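Contents: one structure, followed by commentary.
The values are calculated or read from the model by the stated rules, or taken from the named source; none is laboratory data. Since this is a predicted model, take the numbers as computed values, not measurements. A quick note on method: Cβ atoms are made from the backbone with ideal geometry, for glycine too, and the neighbour counts reach across all protein chains shown.
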Amino acid sequence: MNRLKKYFFISILVLINSCNESKDNIMPFYNGGFVKAEGTYKVPKYNLKLVETKSGLLFGISDKKNKLLYQSDIFKAFSQHAFWSLYIDEDFNVWVYNSDYQETVVLFFDEQKMKFSTKDYCKDKLNLPKEFKKSLNDRLVCQ
């Protein structure tokens with residue numbers, strides 16, 4: 001009987017510990033705006049996940065079944081010590097700015113193909129969403 005109590009106690013500890021290890025911060029029904037913190041953003045059309053790695057912050061985008069649609073370049077991770085911005089507009093396009101690499105990319109979402117196409121919004125002189133442009137202030141080199 002003493003042995004059974006010991007196994008029961010260890011099982012409870014393992015169960016409690018495994019429940020506490022989930023650090024994924026899920027933001028349900030995210031309707032756009034800035035992505036500022038680590039976590040999974042449940043956008044109506046897809047999921048965007050921002051995670052911290054040894055090289056910095058990276059993001060990936062998957063469909064609702066977790067099939068990868070886009071992954072940020074691991075060699076261009078966002079540094080916690082530099083300015084970066086991720087913004088989701090009303091059409092669920094993702095606007096990216098990374099001051100470390102002067103990365104100025106917009107990911108256009110094609111719902112029918114379930115794919116993202118990329119453009120450089122500086123080179124292509126695209127109009128930025130007002131909130132996103134305001135957040136960049138004088139940091140953007142392509143103005």
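The table below lists the values:
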quantity	calculated
Residue that is surrounded by the most Cβ atoms within 10 Å (Cβ to Cβ) [pool: residues in the stretch 27-52 that are more than 24 Å from Lys133 (Cβ to Cβ) and charged (D, E, K, R)]	Lys49
Residue selected from the stretch 83-125 under the condition over 15 Å from the mean Cα position of the chain (by Cα) and among the small types (Gly, Ala, Ser), by the criterion surrounded by the most Cβ atoms within 10 Å (Cβ to Cβ)	Ser99
Lys76 among the charged types (D, E, K, R) and either out of contact with any strand residue (DSSP E or B) (no Cβ under 8 Å at 6 or more places or on another chain) or without any contact (Cβ under 8 Å) to a residue 24 or more places away in the chain (or both)	no
Close pairs from the stretch 40-68: first closer than 12 Å to Phe92 by Cα, partner of a type in the set (Gly, Ala, Ser), Cβ under 8 Å, at least 6 apart	Val43/Gly32; Tyr46/Ser62; Asn47/Ser62; Leu48/Gly60
Elements of type strands (runs of 3 or more DSSP E) in the stretch 73-124, at least 1 residues being of a type in the set (Gly, Ala, Ser)	84-88, 115-120
For Ser135: the one exception among (1) surrounded by 14 or more Cβ atoms within 10 Å (Cβ to Cβ); (2) among the small types (Gly, Ala, Ser); (3) in a loop (DSSP other than H, G, I, E, B)	(3)
Any hit, the stretch 13-26, residues being surrounded by 12 or more Cβ atoms within 10 Å (Cβ to Cβ), of a type in the set (A, V, I, L, M, F, W, C), touching a Leu at 6+ places or on another chain (Cβ under 9 Å) and at pLDDT below 95	no
Selected residue [under 16 Å from Ser117 (Cα atoms) and surrounded by fewer than 17 Cβ atoms within 10 Å (Cβ to Cβ)] from Ser62, Ser79, Ser72, Ser55	Ser62
